[in-house]
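Below you'll find the structure, written out as structure tokens, and then a few comments.
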Amino acid sequence: MVNMVEALNMALAGEMARDSNVVIMGEDVGVDGGVFRVSAGLYGMFGPERVMDMPLAESGIVGMAIGMSAFGLVPVAEIQFMGFLYPAFDQLISNASRIRARSRGRYGCPMVVRTPYGGGIKAIELHSESAEAAFCHIPGLKVVVPSSPYTAKGLLAAAIRDPDPVLFLEPTRLYRLIKEEVPEEPFTIPLGKARLLKEGRDATLISWGSMLQKTLKAAGAYDVDVIDLMTLSPYDEDAVLASVKKTGRAVIIQEAPRNCGFASEVAACIAEKAILSLRAPVTRVAGYDVVLPFPKLEDFYIPNQRRITDAIEEVLKY
Amino acid sequence: MVNMVEALNMALAGEMARDSNVVIMGEDVGVDGGVFRVSAGLYGMFGPERVMDMPLAESGIVGMAIGMSAFGLVPVAEIQFMGFLYPAFDQLISNASRIRARSRGRYGCPMVVRTPYGGGIKAIELHSESAEAAFCHIPGLKVVVPSSPYTAKGLLAAAIRDPDPVLFLEPTRLYRLIKEEVPEEPFTIPLGKARLLKEGRDATLISWGSMLQKTLKAAGAYDVDVIDLMTLSPYDEDAVLASVKKTGRAVIIQEAPRNCGFASEVAACIAEKAILSLRAPVTRVAGYDVVLPFPKLEDFYIPNQRRITDAIEEVLKY
Amino acid sequence: MPEYTAGTFEVKRLDILDSHGNSDRALMPSLGEPEIKDIYHRLVLARAFDQRVLALQREGRMGTYASILGQEASQVASAYAAGNNARVFPSYRETGALIALGYPLYMLFQYWSGDERGMRVPDGMNIFPVCISVGSHVPHAVGAAMAARIKKEKLPSVAYFGDGATSKGDFHEGANMAGAFNLPVVLICQNNQWAISLPRSRQSAAATLAQKAIAYGFEGIQVDGNDVFAVYTAVKRALDKARDGKGPSLIECFTYRLSDHTTADNASRYRSAEEVEHWKKLDPLARLGKFMEKEGMMPSGYAEEAARQATAAVDEGFRKYEEAGPPSPEDMFLNTFKTPAAGQMAQLRGFSGGK
Amino acid sequence: MPEYTAGTFEVKRLDILDSHGNSDRALMPSLGEPEIKDIYHRLVLARAFDQRVLALQREGRMGTYASILGQEASQVASAYAAGNNARVFPSYRETGALIALGYPLYMLFQYWSGDERGMRVPDGMNIFPVCISVGSHVPHAVGAAMAARIKKEKLPSVAYFGDGATSKGDFHEGANMAGAFNLPVVLICQNNQWAISLPRSRQSAAATLAQKAIAYGFEGIQVDGNDVFAVYTAVKRALDKARDGKGPSLIECFTYRLSDHTTADNASRYRSAEEVEHWKKLDPLARLGKFMEKEGMMPSGYAEEAARQATAAVDEGFRKYEEAGPPSPEDMFLNTFKTPAAGQMAQLRGFSGGK
Ligand SMILES: Cc1ncc(C[n+]2csc(CCOP(=O)(O)OP(=O)(O)O)c2C)c(N)n1
Ligand SMILES: Cc1ncc(C[n+]2csc(CCOP(=O)(O)OP(=O)(O)O)c2C)c(N)n1
Ligand SMILES: [Mg+2]
Ligand SMILES: [Mg+2]
């Protein structure tokens, strides 16, 4: 039984052992083992050349990863919190995601950018961000979000082996919250596929990462499908549509502010492709459209189980 | 009769004359008058202290604008193309949009960031971006997109007078495409309100900025509402819902890639709040989910009138 | 002259007060006994507050906190030089500067407990809210200096940041613009030798951080950051220069972070106890105490009384903090825009209030 | 030693060939007559291509183009020093460097006509695709140097960028990391005195751009960028140093953009005809020609023959470009990911092909 931090550490160790081109880079990832200790021990095992402590410069880190990945390495860059990924937005959208198209395939960027995201640990400002949708809008960048130790390990291995750049978002709140059985040996979970965690007839709950546990708890009392998207870009439209066509009702749960969040994309897809099956409004449960508050108000901001339950009750009225 | 460049220039001149705190800053905005000549003549009228040529550093420009706006100025920063706004994403999301909340109102950022966006002028890479949705996902930042000379002038004046930070996206393609009557004297068009450009019964076409002209052309042959959102964040939900409740059909047209675009937000809103009125799938016409091609393929990428017409025909089948 | 020198540059270092409390008379700033005592009291208060937050954090009554232990001199003396006649742009590790500027302690408790109200800088104080994203506030300080110049206000900007921050693009862009426009900006780098686990030597190959100013065409100086007089002197000079229209300066305060990076960190994982011991001997507060003793400014019982007063002030601050109670959840809807948007008001109406 | 010097720094300037074609024998690089002639031919070819694109652009047959007129020496001589034994990271204004490296001309026509196929760098050539976002490729070059070191490849990185780019955060972050890791990187700044309409003097208060290297703890040098021998010498030295594990260098090529910024610009709006005239006299190609004449490397008719060959090569390149025809719209769906996503394939299936 391991938690998500341990599972991620296993995935990194496994991939580094499997492929000597895989290297880790980031602030405090070396001796310190990373702020959440995801790379703990790896510096000792693989040395400073494969586990690189970087100066404090996120755009430079991602920019260097681009150059490294184009020339034979497979860098796994850690950004300490999603709030510090923003300075690297330009490198991701202007370069990482386009090098393949720009060079018509001569170069690619097989790199992973890992970062914790989401709230729930009562940290100071910019440590609780969930701006995944902004990154999902970048063609050429894959966005992956595990929701458990097992999926974290399998998805991270798959992300590392993927020939294209992957943004890998780890729900901070879940790092040590759940433990589960995770195989010792390396395995992958294919990118772009959702998983069905619970089957039912009355509605489809769609979520990912940080909101999945709450969604599952809220789902407990109902006869519903629960879908964990796992990959947000490109996402598994087929799984979403198949379920909604069966149930006729959809509730999508995200932590991020509602406006232009990823839930909007899923809802739009349903409204476009499954409208004839719908029996109720496509409902989003989301953070409010306000600046993410400091910790004392955080619990009022992040959707709680009650808000999910209310949404389920609401769609079931139809 | 003036074109959009002239209308914007009038708005800038008018606001600078009205309020001595309004200053312009950006690369080549001074003697050169801006790459699209939006600030032409203003350097001569207002001098180097109010029309500032900046070193080549977009994050620094927006960061300086934050400090200037917090301490009494009203900076209007020009970014030469939306592709060069990305380096300032961090300053917008981490700072400009949060200073008010962070200081619980002691400080605000009454600033405007203007940038041309969208394709159609056959420019090299990163000169044809339409990533508005990523910025609409930032609580605390307003996003405004004019679609004509008249709206450009009125909206820019309103953006400059707004007490909060506004991202002002100018459709590159329309800069010199249309001319219309624009009053000499200053006027404002309220932010957050859409306008209805054509009234009809069978469907609602929703668009903004760069796609509006094509949408209007496509709409010509049909009995439809055409809504120009003008402000994308916060947007005029009421106008959208009222129209869709009347027509029962919605087509949303954007230039950006489909996945997580602003059209997804509008579609999600309709699917949530107007579902019972819907008679057809909520349909998006959008760019493809691929890296924006270089000019030779640009016309194949940007939605054309035929794709809009096809979508209208499709929803009318229901 | 085929291969010749296109430019030569020098970076100075300023030390005034040594670790035994002896000062260089020739360089001593013109601070009278009351002012020196004032600085001393602020150092003591800053330390007392710092230690209290650490204690409260351990009890789970405060959030993650970044201690200033060891950096009091560079923070307090610099802020003392700035006073309210400059605009101060702090990072998260400037509690000492804020306290020296008279920031209400209860608001600092609010801030570190995770309550925005603590960052509603009191009217009249020229302080910008704490910036968490490292280095991103440097351009804000530069912009404020531009505003000050245009609006003809004699308020230079003072930005505080760490050694790590000098690696960030925004430090560079801000500093370069400050130079290009010759703006009244004082950049104070708190080089505390570590950026979490990255030692200064691996942050940059530059021998000093002060020399980074050469890239921007203005002056950089390194000062002993545990020496209140050196820090005060350098900052005062830089502020005078800024007010005289002579442009920006970079001041590297060479100091040390004696605590963990934050309460969430464990520095023993990556640095040696010897190094920490070495720096403990250079403690800035003890050093000023020794000076004051030698100068006869420290009658017996003085230090104890100063400590008692500081404790009382911190107690009082904490009491006021507790009295203020928690923030209201509705606040979150009302502070994003000056006038909340219709959608925000709708969300507020739908807000049930419960967690 | 209370106030003392913490460090002194020097920036050198290298000039070898003056504008009359006289060279400093002591400093001349070891280039034989065939190599000097080779460089000359590449200069001529670069200029011929440049002028052709400008002409085609005026006829509407090419897209917006950034001319290299006046900068041929700094581009060609530096690229000549790099050859295929380094990885080159160009900006949009490195047509001369690309041509010197042997980049197929028809592909450059493709690129400037707006066709991605022009940036499918031929296998075996160590060139990264042109970067449009100013300065953002500097970290790529640094990362590639890290890869080269780890993979034990003797391939230093060479990044080209302009004076404007030195103001960008990414230049700073990349350069600082190159220094911190002591990586084999050569940063070549094409200081052509203008960033669109912003003159060099207002881009940064630094007296030279070369001195920016001091901020990163490595060497910076300014060279006469219109002098092929100075450029070649500085780049060769820096590459040798990089290969010897002695870390990065910054080379400021002091040159001039004789044309408008791009074909979309009108430089007469912001700079004087006198300035342009002054620099025309420093033309790098004429200067090398004079040297070769003096050295007897330029028999009569040589220049004309070189020009004729260049024209023929450009003609041939243009013919091949035209023969290649337009790109296929389907390409757009197939190159975002190595394996297109299901949604992309669905969009491709729905794609009607018409504009
Ligand atoms: C842009 C950004 N990246 C990463 C972090 C996480 N972080 C917080 S403090 C810190 C180290 C800062 O070091 P330094 O600038 O030396 O300041 P110090 O903490 O030592 O005072 C890091 C990496 C952050 N806050 N902002
Ligand atoms: C990040 C970014 N901002 C703005 C631009 C628009 N732009 C293109 S070239 C240029 C000036 C560049 O000047 P410099 O670095 O000196 O290079 P030069 O063009 O003179 O060769 C600008 C502002 C850009 N391409 N990238
Ligand atoms: Mg530090
Ligand atoms: Mg230039």
**Study point:** Neighbour-count order for A:CYS260, B:CYS109, fewest beta carbons within 10 angstrom listed first
**Key:** B:CYS109, A:CYS260
**Study point:** Furthest towards positive pole of dipole, B:GLY30, B:ILE121, B:ALA7, structure part region B:1-126, Cβ charges
**Key:** B:ALA7
Review point. Roughly how many Å is it from the Cα centre of region D:1-20 to that of region B:252-313, as a whole number?
Key: 59 Å
Review point. Residues with beta-carbon under 10 Å from that of D:GLY63, excluding D:GLY63: net charge, scoring Lys, Arg +1 and Asp, Glu -1?
Key: +2
Point to revise | Label spacing, shortest first and in nm, from B:LEU316 to its equivalents in the remaining copies (7 angstrom along Cα→Cβ) | key: 4.3
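Counting only C-alpha contacts under 8 Å and six or more residues apart, can you give the relative contact order of region D:12-324 as a whole percent? Could the numbers behind the result be given before it?
Details: 610 pairs, mean separation 83.1, N = 313.
Here the relative contact order equals 27 percent.
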Practice item. May I ask for the distance between the Cα centers of region A:1-67 and region D:250-277, given as a whole number of Å? Key: 46 Å
Study note, to complete from the structure: With one decimal in nm and the nearest listed first, the spacings from C:ARG349 to its own position in the other copies, using label points 7 Å along Cα-to-Cβ, are 4.5
Review point. So for region A:100-169, taking the charge dipole from beta-carbon charges (+1 Lys/Arg, -1 Asp/Glu), which of A:CYS109, A:VAL144, A:SER130 sits furthest toward the positive end?
Key: A:CYS109
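Rounded, prolate or oblate: which fits region C:106-156, taking a ≥ b ≥ c as square roots of the Cα gyration tensor eigenvalues, rounded meaning a/c under 1.5, else prolate when a/b beats b/c?
Values: a/c = 4.23, a/b = 1.71, b/c = 2.47.
Verdict is oblate for region C:106-156.
Which longest uninterrupted range of chain A lacks any GluC sites (Glu not before Pro) assigned by DSSP to a loop state (not H, G, I, E or B) and surrounded by at most 14 other Cβ atoms within 10 Å? Could you put the intermediate results ahead of the total?
Working: sites that count: A:GLU49, A:GLU181, A:GLU184, A:GLU199.
Of all site-free stretches, the longest is A:50-180.
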Practice item. Would you work out if region C:148-302 is rounded, prolate or oblate? Take a ≥ b ≥ c from the square roots of the eigenvalues of the alpha-carbon gyration tensor; rounded if a/c is under 1.5, else prolate when a/b is larger than b/c, oblate otherwise. Key: oblate
Revision key, fill the gap. Per its Cα gyration tensor (rounded if a/c is under 1.5, else prolate when a/b beats b/c, else oblate), region C:12-324 is best filed as rounded
Study note, to complete from the structure: If every Lys and Arg gets +1 and every Asp and Glu gets -1 at its Cβ, then about the Cα centre region B:195-317 yields a dipole, in debye to the nearest 20, of 260 debye
Practice item. Could you please rank A:ILE178, A:ILE270, placing first whichever residue has the fewest other Cβ atoms within 10 Å of its Cβ? Key: A:ILE178, A:ILE270
Study note, to complete from the structure: So, over other residues within a Cβ distance under 9 Å of B:GLY192, counting Lys, Arg +1 and Asp, Glu -1, the net charge is +1
**Study point:** Relative contact order of region C:116-184, pairs being alpha-carbon contacts under 8 Å that are 6 or more residues apart, as %
**Key:** 36 percent
**Study point:** Angle in degrees between helix B:58-70 and the longest Cα principal axis of chain B, rounded to the nearest 10
**Key:** 70 degrees
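Counting each DSSP H run of 4 or more residues in chain C as -39500 (n - 2.57), what helix-only mean residue ellipticity at 222 nm follows after dividing by all residues, to the nearest 500 deg cm²/dmol? Before the final figure, lay out the partial values.
Details: 13 runs with 151 residues, N = 355.
Value at 222 nm, helices only: -13000 deg cm²/dmol.
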**Study point:** Dipole axis of the protein assembly as shown (+1 Lys, Arg; -1 Asp, Glu on Cβ), positive-most option in A:ALA286, C:GLY118, C:ALA273
**Key:** A:ALA286
**Study point:** Axis-nearest residue in chain D [Cβ, rotation onto C], distance in whole Å
**Key:** D:GLY169, 1
Check your understanding: From the label point of A:GLY44, set 7 Å along Cα to the beta carbon, how far off in nm is each other copy's matching point, shortest first?
Key -> 7.3
Point to revise | Under 10 Å, Cβ to Cβ, from D:CYS189 - net charge with Lys/Arg +1 and Asp/Glu -1 | key: -1
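Tell me the mean residue ellipticity at 222 nm calculated for chain B from its helices only (DSSP H runs of n ≥ 4, each -39500 (n - 2.57), averaged over every residue, nearest 500). Can you show the working numbers first?
Values: 11 runs with 105 residues, N = 318.
One gets -9500 deg cm²/dmol as the mean residue ellipticity at 222 nm.
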Study note, to complete from the structure: Restricting to lysines and to Cα separations under 16 Å from C:LYS338, and discarding same-chain partners fewer than 8 apart, the set is B:LYS142
Review point. Looking only at other chains, what is the average number of their beta-carbon atoms within 10 angstrom of each beta-carbon in D:148-159?
Key: 2
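Please arrange C:SER113, D:SER167 by counting, for each residue, the other beta carbons lying within 10 Å of its beta carbon, fewest first.
Fewest to most other Cβ atoms nearby, the residues stand as C:SER113, D:SER167.
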Practice item. Calculate the dipole size of chain C relative to its Cα centre from +1 charges on Lys and Arg beta carbons and -1 charges on Asp and Glu beta carbons; express the result in debye to the nearest 20. Key: 700 debye
Check your understanding: How many lysine pairs in region A:195-317, separated by 8 or more positions in sequence or lying on different chains, have Cα atoms less than 30 Å apart?
Key -> 21
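Only four residue types carry charge here, +1 at the Cβ of Lys and Arg and -1 at the Cβ of Asp and Glu. Report the dipole size of the protein assembly as shown about the Cα centre in Debye, rounded to the nearest 20. Can you show the working numbers first?
Numbers: 146 positive and 158 negative charges, 307 e Å.
In total the dipole reaches around 1480 debye.
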Point to revise | Long pairs among C:LYS37/C:LYS241; C:LYS236/C:LYS290; C:LYS12/C:LYS290, criterion Cα-Cα beyond 31 Å | key: none
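So what is the relative contact order for chain B, in percent, with contacts set as C-alpha pairs under 8 Å and at least six apart?
Values: 728 pairs, mean separation 49.8, N = 318.
Worked out over chain B, it gives 16 percent.
Throughout, read-outs are computed from the coordinates displayed, never taken from laboratory work. Computed from a predicted model, the values in this text were never measured in an experiment. We place every Cβ from the backbone using ideal geometry, glycine too, and count neighbours over all the protein chains shown.
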